[in-house]
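Below you'll find the structure I mean.
The values are calculated or read from the model by the stated rules, or taken from the named source; none is laboratory data. What you see is a predicted model; the values in this text were computed from it and never measured. Cβ coordinates were reconstructed from backbone atoms using ideal geometry, including for glycine residues, and neighbour counts include every protein chain displayed.
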Amino acid sequence: MSRGLAFGQPSRPVMKVAKVRLSASKMQMTPCHITDFPDMIMIMSAYMEPFLKGLRARQRHIAGGQFLFHRGDAVKEMHFVLTGSVHLVRHQSDGSILILQRAGRGSILAEASLYSETYHCDAVAFGATETRAYAKASFKKLLAKSPEFSDVWANYLAQELQSARLRSEILSLRTVAGRFDAWIAWNGAYPVKGEWKLVANEIGVSPEALYREIAKR
């Protein structure tokens, strides 16, 4: 969903995001101060982990490019990322890939799946990754019996929701330049060359379109 569209380094410092303002002639973007989402999610994960230590879990080691699950698979476990990064992706009708979440160290992968019977996306490891998998039923039981954990979980979901809304706002922009500017504002830095294809997938444009935009700058 988290960056991760969603959006590769798993967690990057966020300095600014884009505030969208429409005019009659063009779409303009102005910076505004917001919460540091990746850092806040890491903080919430740190609060969450002590509660999870009481649950039985199994360690998963996933090679880069390997799938943890596919769209349509039954949701049986919740994955806490220990090392590496897992991308939650959706394949578009034109063959392109949209990254909905970059789940890095300390993130819960596809957290909304706790309330779903099946997965709505594919999860693929970006490089060697290790996760701790908790039974979905045990996770839900812990939420039911621990008000403290429920509060931490609710705060975590709130941060993920805000992050998802920012990704959605970026995808609503009509031009490659607008989406790329918004991505830079959100992440607070220009992407390194090795990440350009990932950024293209994150902002919902073809790699070629993003390369052309970068070449103009």
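Just for the range 179-210: of the residues that are touching a strand residue (DSSP E or B) at 6+ places or on another chain (Cβ under 6 Å) and hydrophobic (A, V, I, L, M, F, W, C), which one is surrounded by the most Cβ atoms within 10 Å (Cβ to Cβ)?
Checking each candidate, the answer is 186.
Can you pull out the residues in the range 78-104 that are out of contact with any Ser or Thr (no Cβ under 9 Å at 6 or more places or on another chain) and either more than 20 Å from residue 163 (Cα to Cα) or at pLDDT 95 or above (or both)?
Result: 91, 92, 93, 95.
For the range 67-97, how many residues are exposed (fewer than 13 other Cβ atoms within 10 Å of the Cβ) and assigned to a loop (DSSP other than H, G, I, E, B)?
Residues flagged as exposed (fewer than 13 other Cβ atoms within 10 Å of the Cβ) and assigned to a loop (DSSP other than H, G, I, E, B) within the range 67-97 amount to 7.
Only residues that are in contact with a strand residue (DSSP E or B) (Cβ under 7 Å, 6 or more places away or on another chain) and of a type in the set (S, T, N, Q): list them for the range 58-110, please.
59, 66, 83, 85, 92, 101, 107
Follow-up. For the range 111-122, does any single residue satisfy the condition of being of a type outside the set (Asp, Glu), assigned to a strand (DSSP E or B) and modelled with pLDDT of 95 or more?
yes
Oh, and also: Do we find that residue 129 is surrounded by 16 or more Cβ atoms within 10 Å (Cβ to Cβ), among the β-branched types (Val, Ile, Thr), at pLDDT 90 or above and within 24 Å of residue 72 (Cα to Cα) in this structure? I'd like the intermediate steps shown before the answer.
Details: surrounded by 16 or more Cβ atoms within 10 Å (Cβ to Cβ): yes; among the β-branched types (Val, Ile, Thr): yes; at pLDDT 90 or above: yes; within 24 Å of residue 72 (Cα to Cα): yes.
In short, yes.
Could I ask something else about it? Quickly run through the range 152-175 and pick out the residues that are in contact with a Ser or Thr (Cβ under 9 Å, 6 or more places away or on another chain) and either farther than 25 Å from residue 106 by Cβ or of a type in the set (Ser, Thr, Tyr) (or both).
Residues satisfying the conditions are 156, 163.
Name the single residue, out of those in the range 153-178 being more than 30 Å from residue 212 (Cβ to Cβ) and surrounded by 20 or more Cβ atoms within 10 Å (Cβ to Cβ), that is nearest to the chain's Cα centre (by Cα).
160
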